[in-house]
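Comments concern the structure below.
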Amino acid sequence: MNLQQIRYKLKYGITVEWYNFWYMVLRRHQKVIPHVASIDETIERIVVDRCSVSRFGDGEMLLTSPDKNIGFQKGDARMAERLKEVLRSQEKGHLVCISDTFTDLYRYNRKARRFWRTHFFIYGSWWDRLLVPNRVYYNTFVTRPYMDFADKANSAKWFHNMRDIWQGRDVVFIEGEKSRLGVGNDLFDGARSIRRILCPPCNAFDRYDDILTEAQKQEKGVLFLIALGPTATILAYDLFKAGYQAIDIGHVDVEYEWWKMGAHRKVKWNVSM
């Protein structure tokens, strides 16, 4: 770790502790406390009803403002409006997933708790403005069922049940060209076949129309698993509207590898295609 990285980590740590302190002192809380289904309920809906999935985390919420950027996706006015459209959508057969961090934060480890307190202190009003009161959301941690949890006892069950989503299916991965989803592990071994549509690793939304057009060349019975950051959130919704089952799967295989390793912090792992 070089000096610049050390300085960044120190600055980040101090900033997070500062916001955590004021979050707790001021007893901040959201005006809209959404009902978020459990991971078990989310998996069951996907498997039984073959639902499509769009997930919202901190990055997707930031990009609802066109002047915000995240590491691999610059802000975009069209993307911001589309993200808000998907977040507010209520289509049968399409699940809008958000992070289950609005209550009972002690389910998560210290690092995750500190992160979400900081996030809500700064951006909580955005969630209040965009969430629809009195509706059921589903759980974005369905694809992140290991690292952030304080008690990891359920992770094995979640990974096991998750495999039923693609068991015996013809799967098409839509991913950044460097993602290599599922390469080097057995998570997707139950799929009947796997094909890939490779996309730009950064600012994928710049090529959104091309990606959507290419995806729609596939037969209707395929299952799309999309690992493409915030672009996946919108793409899963549009493919659902076009008659496909499409799931914003994120980098679930990284969580799977951490679980198999018994890792207690996020570590890099390398695979070769």
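Throughout, read-outs are computed from the coordinates displayed, never taken from laboratory work. Note that this is a predicted model, so its numbers are computed, not measured. Note that each Cβ is placed from the backbone with ideal geometry, even for glycine, and that neighbours are counted across all protein chains shown.
Results, tabulated for the structure shown:
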{"quantity": "For region 14-31, Karplus couplings with θ = phi - 60° (6.51, -1.76, 1.60), whole Hz, Gly/Pro x", "calculated": "5, 4, 5, 4, 4, 5, 4, 4, 6, 4, 7, 5, 7, 6, 5, 7, 6, 6"}
{"quantity": "Other-chain or far-sequence residues with amide H under 5 Å of Ile174's (modelled H)", "calculated": "Ile197, Leu225, Ile226, Ala227"}
{"quantity": "Amide hydrogen neighbours beyond the local backbone of Phe149, cut-off 5 Å, H modeled", "calculated": "Asn109"}
{"quantity": "Average projected area [Cα convex hull, region 170-239], square nanometres", "calculated": "4.6 nm²"}
{"quantity": "Rounded to 5, the percent of DSSP beta bridges in region 3-261 classed as antiparallel", "calculated": "5 percent"}
{"quantity": "Residue order, fewest to most beta carbons within 10 Å, for Val25, Val47", "calculated": "Val25, Val47"}
{"quantity": "The chain: relative contact order as a whole-number percent, Cα under 8 Å and 6+ apart", "calculated": "23 percent"}
{"quantity": "In sequence order, calculated HN-Hα J values of region 249-257 (Karplus, 6.51, -1.76, 1.60; Hz; x Gly/Pro)", "calculated": "8, x, 9, 4, 5, 5, 4, 4, 5"}
{"quantity": "Eligible lysines near Lys92 by straight Cα distance, threshold 17 Å, same-chain separation 8 or greater", "calculated": "Lys241"}
{"quantity": "Evaluated over region 40-105, the Cα radius of gyration and Dmax, each in Å", "calculated": "13.6, 39"}
{"quantity": "Average projected area [Cα convex hull, region 3-261], square nanometres", "calculated": "14.0 nm²"}
{"quantity": "About the Cα centre, charge dipole magnitude for the chain (Lys/Arg +1, Asp/Glu -1 at Cβ), debye", "calculated": "900 debye"}
{"quantity": "Long-range tail of P(r) for region 145-211 (Cα pairs > 19 Å, %)", "calculated": "50 percent"}
{"quantity": "Angle between the chain longest axis and helix 39-49 axis [Cα atoms, degrees, rounded to 10]", "calculated": "20 degrees"}
{"quantity": "Under-5 Å amide H pairs with Ala191, H placed in peptide plane, nonlocal only", "calculated": "Gly168"}
{"quantity": "In degrees, nearest ten, helix 77-88 long axis to first principal axis of the chain (Cα)", "calculated": "90 degrees"}
{"quantity": "Cα gyration tensor category, rounded, prolate or oblate, for region 218-273 with a/c compared to 1.5", "calculated": "prolate"}
{"quantity": "Among Ile197, Phe173, Leu3 - extreme Cα towards positive end, dipole of the chain, charges at beta-carbon", "calculated": "Leu3"}
{"quantity": "Residues Asp170, Asp248, Asp189 arranged by fewest to most Cβ contacts within 10 Å", "calculated": "Asp189, Asp170, Asp248"}
{"quantity": "Cross-link pairs Lys152/Lys266; Lys68/Lys178; Lys84/Lys152; Lys11/Lys68; Lys74/Lys157; Lys217/Lys266 - those with Cα-Cα distance over 26 Å", "calculated": "Lys84/Lys152; Lys74/Lys157; Lys217/Lys266"}
